[in-house]
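Read the structure below first, then the notes.
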Amino acid sequence: MDNITPLRAWDDFFPSSDHFAWPDFRDICKRNNHVVSNLLYCQTNYLVVAAMVISVVGFLSPFNMILGGIVVVLVFTVLV
């Protein structure tokens, strides 16, 4: 459990608009490092948000959720 980051505060995970800035598109390496560090820093928050979205969609249309899961499993089984 040492590899799982702690749950970050909502203000830290989803900052207000004054924290956003245009990325430097010329420096691809710096931009990629920023994305990776963000994913590692907030991975638990992303996991919680993804679980909430999947739960809501599964609650609203369980048949489509199960069907989508079966399709994903079949596609990965055939391609891998």
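Enumerate the pairs (first residue in the stretch 23-48 and part of a helix (DSSP H, G or I); second residue anywhere and of a type in the set (S, T, N, Q)) with beta-carbon separation below 9 Å, excluding pairs fewer than 6 apart on the same chain, so at least 6 apart or on different chains.
Close Cβ pairs (under 9 Å, with a partner that is of a type in the set (S, T, N, Q)) amount to Leu40/Thr5; Tyr41/Thr5; Gln43/Thr5; Thr44/Thr5; Asn45/Thr5.
Could you tell me which numbered condition Ile4 fails, if it satisfies all but one of (1) outside any loop (DSSP other than H, G, I, E, B); (2) in contact with a helix residue (DSSP H, G or I) (Cβ under 7 Å, 6 or more places away or on another chain); (3) of a type in the set (A, V, I, L, M, F, W, C)?
(1)
Taking the stretch 29-64 as the search range and keeping residues that are over 16 Å from Phe13 (Cβ atoms) and aliphatic (A, V, I, L, M), which one is modelled with the lowest pLDDT?
For the stretch 29-64, the residue satisfying everything is Val36.
The values are calculated or read from the model by the stated rules, or taken from the named source; none is laboratory data. The shown structure was predicted, so the numbers you read here are calculated from the model rather than taken from an experiment. Quick reminder, even Gly has a Cβ in these numbers, built from the backbone with ideal geometry, and neighbours come from all protein chains shown.
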